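See below for the structure under consideration.
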Amino acid sequence: MSLQVEFRDITHSFGPVEVLHGVSFALEPGRVYGLIGENGAGKSTLMKMLAGYLEPSGGGEIRVNGTPCRFRSSREAEAQGIVLIHQEFNLADDLTIAQNTYLGHEKKRGWVLDDDAMRQGAREALAQVGLDADPDTRVRQLIVAEKQLVEIAKALVRKARLLIMDEPTATLTPGETDRLFALMAQLKAEGVTLLYISHKLEEVERITDEVIVMRDGRFVTRQPTAALTRHTMANLMVGREIADLYPAKEPAPAGEPLLRVRGLTVPGWAQSVSFEVRPGEILGFAGLVGAGRTELFEGLLGLRPAHGEVAVAGKVVRLRNPREAANEGITYLSEDRKGKGLHVDFGLAPNLTLMNLKAYATPVLSPARELQALAESLKSFGIRTGDPRQPASALSGGNQQKLALAKVLQPQPRVVVLDEPTRGVDVGAKRDIYFLIQRLAREGRAVIVVSSELVELIGLCHRVAVMRSGQLTATLSDEDLNEEELIAHATGNR
Ligand SMILES: Nc1ncnc2c1ncn2[C@@H]1O[C@H](COP(=O)(O)OP(=O)(O)OP(=O)(O)O)[C@@H](O)[C@H]1O
Ligand SMILES: [Mg+2]
């Protein structure tokens, strides 16, 4: 039961903006494809079309085993064995894991829902993806990585013959990622075709047979993975030679700390964590998912109950919510872009200025100034958008991330906390963000970067704090700042 899929001259527009300009390529059964391209290249759009989430607005056709197909819903595509795991999660927060897993495919006994069978099926799928959770847990209670694993479990029960994964590892730990790759190998052996979209080129290199490159809504090339290096992949994506990813490190600054945290405890997540950041310093936070890094900073910013002492420029402050924090000069980029970072149904300008309304109200909100700020941010952050009046949901994943970053920098904070700032961002844009982070530090701000990408922390930070099980276990710098040391401290093998 293999599946051959062919895109023939696919064109698609959102409103007046054409984003796919005649894409053609074919997928052979039982292979693992990497689909790569810059943010906004059209990867997700094309795959949503194949999986029945989006109807092509223009010409062209999709052929499945030689027959032209036009899917009007994901259920029609799933009936053919085509399943998509979304880049932005597609789960119902108020339903349980089991209910989400079987959403639209409910098991029934006669006329009634067979909850036991669904619970059991969900339990098996969870075991396969390695999520140790009760199928009756509501999805709202899960952290981002767990939601991602539920998405994968949900795809498994749909018995895909072509499984499309859009950035599935963006939120996973190395261990969870390894397990996913083992699962993919098993599916491949069973004849399932896999299409893997990722900006993590080392993963594309590791698990795919062939790489397909898209650029600006067009198919560029398709090559055996073995014939490519990460560097050539990156160059093919951006269409030019890219220079060093990281800016040259500046010497660690001396002087009084700008942010001083003493004994910060976030009940259930972090115990008595203390650290300092100087102006001009970039401090990284490493650790496994669940180590409490995100929760620590959510506590610091008043998003969770927390106690301890926080001082900015020597003055002890009480931060009960992000707005108070912004008033004291601290802003925070959330790792959960869709849930907490952006209002995806709002326009770009309101998203950008939401944290800094004062600056645009003279005394009433000035749309002209707002639009000017938007135009400047689109340019300086390299945000690609067809039409600046569209809602944030219309941006590609990586461009949403850049908008979220622009938003937290609008109030000109003295201290910025960036949680996974390059998640889902393409190589070119990653480089832009690294240089931007260095510029922020050079301007005398204190910058904290929470990241799961160790190479990124090593390339960028002066010092990296490591958290394990809610405790700060080490702070590494200079020659101690390397992957082996970081992993050893994060896993407790020290
Ligand atoms: N619902 C929408 N309405 C309007 N424009 C959209 C919509 N969805 C996507 N676009 C636009 O289509 C283009 C392609 O976006 P797409 O999400 O397919 O990119 P991508 O290759 O998946 O990028 P990323 O790597 O950032 O996820 C972008 O310019 C994006 O702004
Ligand atoms: Mg995408």
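The values are calculated or read from the model by the stated rules, or taken from the named source; none is laboratory data. Not measured: the values here are computed from a predicted model. Cβ: placed from backbone, ideal geometry, glycine included. Neighbour counts: every protein chain shown.
Tally up the residues in the range 425-481 that are within 25 Å of N399 (Cα to Cα) and charged (D, E, K, R), please.
Within the range 425-481, residues that are within 25 Å of N399 (Cα to Cα) and charged (D, E, K, R) number 10.
Go over the candidates V450, V425, V455 one by one and state the one that is out of contact with any Lys or Arg (no Cβ under 6 Å at 6 or more places or on another chain) and either crowded, with 23+ Cβ neighbours inside 10 Å or hydroxyl-bearing (S, T, Y) (or both).
Step by step, each of V450, V425, V455 is checked, and only V425 is out of contact with any Lys or Arg (no Cβ under 6 Å at 6 or more places or on another chain) and either crowded, with 23+ Cβ neighbours inside 10 Å or hydroxyl-bearing (S, T, Y) (or both).
Quickly run through the range 391-421 and pick out the residues that are without any contact (Cβ under 8 Å) to a residue 60 or more places away in the chain and either more than 16 Å from ligand 2 (Cβ to nearest atom) or in contact with a strand residue (DSSP E or B) (Cβ under 9 Å, 6 or more places away or on another chain) (or both).
P391, A392, A406, Q410, Q412
Specify which of the listed residues (P253, P168, P247) is of a type outside the set (F, W, Y), modelled with pLDDT of 85 or more, within 24 Å of the chain's Cα centre (by Cα) and not assigned by TED's automatic domain parsing to the domain that holds V23.
P247
Against the conditions (1) farther than 14 Å from A465 by Cα; (2) in contact (Cβ under 8 Å) with a residue 40 or more places away in the chain, where does E324 fall short? Just the number, please.
Only one criterion in (1) farther than 14 Å from A465 by Cα; (2) in contact (Cβ under 8 Å) with a residue 40 or more places away in the chain is unmet by E324, namely (2).
Sort through A92, A98, A41 and tell me the only one that's crowded, with 22+ Cβ neighbours inside 10 Å and either in a loop (DSSP other than H, G, I, E, B) or within 16 Å of ligand 2 (Cβ to nearest atom) (or both).
Exactly one of A92, A98, A41 is crowded, with 22+ Cβ neighbours inside 10 Å and either in a loop (DSSP other than H, G, I, E, B) or within 16 Å of ligand 2 (Cβ to nearest atom) (or both), namely A41.
Would you confirm whether or not the range 483-490 contains a residue that is closer than 22 Å to E276 by Cβ, free of Cβ contacts under 8 Å to residues at least 24 places away in the same chain and surrounded by fewer than 17 Cβ atoms within 10 Å (Cβ to Cβ)?
no
Could you please find all residues in the range 258-282 being surrounded by 18 or more Cβ atoms within 10 Å (Cβ to Cβ) and either aromatic (F, W, Y) or closer than 28 Å to R431 by Cα (or both)?
If the condition is that a residue be surrounded by 18 or more Cβ atoms within 10 Å (Cβ to Cβ) and either aromatic (F, W, Y) or closer than 28 Å to R431 by Cα (or both), then L258, L259, W269, F275, V277, R278, P279, G280, E281, I282 are the ones that fit.
Can you name every residue in the range 162-212 that is at negative phi, within 14 Å of ligand 2 (Cβ to nearest atom) and among the charged types (D, E, K, R)?
D166, K200 - these are the residues of the range 162-212 that are at negative phi, within 14 Å of ligand 2 (Cβ to nearest atom) and among the charged types (D, E, K, R).
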